[in-house]
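What follows is a short report on a single structure.
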Amino acid sequence: MTTLIRRRIAALATIVMVAAGLVAVDPLTRPAHAAACAPGTGVTVVVDFTAFGLGVQTNCYLGDPPTGLAALQGAGFTPTGTVRWGLAFVCRIDGLPTAATEPCVNTPPVNAYWSYWHATPGGTWNYSSLGAGSYNPAVGTVEGWRFGSGQAPSITPP
């Protein structure tokens, strides 16, 4: 095999590996999330990405999470806090909004933040009076998140 062919193969392999890495870290590429929890098995977590044109994702935290933040993380979502408040204030979920849109230094504006909600399956959403790190959701309940100006998630609690 000539040196030129080896270089081209190495270059192609590098391009493929870099492209695979970009797909793996792209916040807009999400793995499929499972459905709501079966009754009595955990806490269902709903994250409404409709503000970003991505729909609603629902997953299950199996067991009894100590906090709403643990439920969010354990259900497969990745929250990012602010520089000032850390995860006491969720600024991004799964990389959204992007750093170009919201630097997450301090709390985002009232028209562009992740609002936090609670519900029972099939019930109505209730805006949380506590932060996700302070709230202890019960097994069998539903946690909801929606980006915008404080609207409830756009689906009925599953």
Q) Which condition does Pro65 not pass, out of (1) under 27 Å from Pro39 (Cβ atoms); (2) surrounded by 14 or more Cβ atoms within 10 Å (Cβ to Cβ); (3) without any contact (Cβ under 8 Å) to a residue 60 or more places away in the chain, if it passes all the others? A) (3)
(Q) Given the condition among the hydroxyl-bearing types (Ser, Thr, Tyr) and either outside the structural domain of Leu130 (by TED's automatic domain parsing) or touching a helix residue (DSSP H, G or I) at 6+ places or on another chain (Cβ under 8 Å) (or both), answer yes or no: does some residue in segment 54-65 qualify? (A) yes
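Hey, could you check segment 107-123 for residues that are small (Gly, Ala, Ser) and not in a strand (DSSP E or B) and say which is surrounded by the fewest Cβ atoms within 10 Å (Cβ to Cβ)? Before the answer, list the steps.
Looking only at segment 107-123, we keep the residues that are small (Gly, Ala, Ser), and these are 112, 115, 119, 122-123.
Going one step further and asking which of them are not in a strand (DSSP E or B), we end up with 112, 122-123.
Details: Ala112: 13, Gly122: 9, Gly123: 12.
Going through the qualifying residues, I end up with Gly122.
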Q: Scan segment 124-133 residue by residue and report those that are surrounded by 13 or more Cβ atoms within 10 Å (Cβ to Cβ) and more than 11 Å from Leu69 (Cβ to Cβ).
A: Trp125, Asn126, Ser128
(Q) List pairs: first residue in segment 122-146 and without any contact (Cβ under 8 Å) to a residue 60 or more places away in the chain, second residue among the polar types (S, T, N, Q) anywhere in the structure, Cβ distance under 7 angstrom, at least six positions apart or on different chains. (A) Gly122/Thr156; Tyr127/Ser115
Q: Determine which single condition Val90 fails, assuming it passes every other condition in (1) in a strand (DSSP E or B); (2) more than 14 Å from the chain's Cα centre (by Cα).
A: (2)
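The values are calculated or read from the model by the stated rules, or taken from the named source; none is laboratory data. Model, not experiment: these values are computed from the prediction. Methodologically, a virtual Cβ is constructed for each residue, glycine included, from the backbone with ideal geometry; neighbour enumeration extends over all protein chains shown.
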